[in-house]
1. Among the hydroxyl-bearing types (Ser, Thr, Tyr), modelled with pLDDT of 90 or more and within 22 Å of the chain's Cα centre (by Cα): which single residue out of THR112, THR126, THR122 fits that description?
2. Taking segment 100-125, which residues are out of contact with any Ser or Thr (no Cβ under 8 Å at 6 or more places or on another chain), without any contact (Cβ under 8 Å) to a residue 40 or more places away in the chain and surrounded by 10 or more Cβ atoms within 10 Å (Cβ to Cβ)?
3. Would you check if VAL77 is at pLDDT 90 or above and not assigned by TED's automatic domain parsing to the domain that holds LYS55?
4. Hey, LEU66 hits all of (1) assigned to a loop (DSSP other than H, G, I, E, B); (2) within 30 Å of LEU43 (Cβ to Cβ) but one; which does it fall short on?
5. Filter segment 61-107 down to residues that are closer than 15 Å to ILE10 by Cβ and not polar (S, T, N, Q), then give me how many there are.
6. Determine whether ILE124 is assigned by TED's automatic domain parsing to the domain that holds VAL11 and outside any loop (DSSP other than H, G, I, E, B).
7. Identify, please: which residue in segment 40-63 is outside any loop (DSSP other than H, G, I, E, B) and among the aliphatic types (A, V, I, L, M) and is, among those, farthest from GLU19 (Cα to Cα)?
8. Just one of LYS158, LYS138, LYS153 is part of a loop (DSSP other than H, G, I, E, B), in contact with a strand residue (DSSP E or B) (Cβ under 7 Å, 6 or more places away or on another chain), of a type in the set (D, E, K, R) and assigned by TED's automatic domain parsing to the domain that holds THR112; which is it?
Amino acid sequence: MEKWFNVGKIVNTQGIKGEVRVISTTDFPEERYKKGNVLFLFLPNNETPVQLTIKSHRKHKNFDLLLFEGYENINEVEKFRDGIIKVPESQLGELDEGEFYFHEIIGCLVFTKLGEEVGKVTEILTPGANDVWVVKGKKGKEVLIPYIDDVVKKVDLKEKIILIDPMEGLLS
């Protein structure tokens, strides 16, 4: 059975020429939305995904605007609204050392190098220079862990464990 990974959600149309607005959830929008790339659209109440080929991509405000081959009219893409765009596991590329897919990190338990449990990664923010991992502690408190070499010391994807050396004030 094929495993699927979310790339984004179509939230609206843009203009009358078939462009759709996507709120992106992919780590690699420039790769996923490249002209000629194939994506799969999962619509509510439809078991079979729609295969779509990227015709063009551009950024506008906080959205990725996509145009698909064979869908050059607003009337043809309105039905795509609220659909989730996904890729099969076979389209996931190899990453360099120290790079991870979001789905690999979310759900990992975080411990300090002294063995104290910090919590579980629930979300990843991408504000700028480095990613920030949102870790929810046992008491519900969120801790923001910057993904930098000074803090994140080891990531064990097999065991789903991350070891950190928190800088002063990070956990207080």
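The values are calculated or read from the model by the stated rules, or taken from the named source; none is laboratory data. What you see is a predicted model; the values in this text were computed from it and never measured. Backbone-built Cβ (ideal geometry, glycine too); neighbour counts: all protein chains shown.
1. Matching residue, one of THR112, THR126, THR122: THR122.
2. GLU116, GLU117, GLY119, LYS120, THR122, GLU123, ILE124, LEU125
3. Answer is no for this residue.
4. Only one criterion in (1) assigned to a loop (DSSP other than H, G, I, E, B); (2) within 30 Å of LEU43 (Cβ to Cβ) is unmet by LEU66, namely (1).
5. Residues meeting the conditions: 20.
6. So ILE124 fails the test.
7. Filtering first and then ranking leaves VAL50.
8. On inspection, the qualifying residue turns out to be LYS138.
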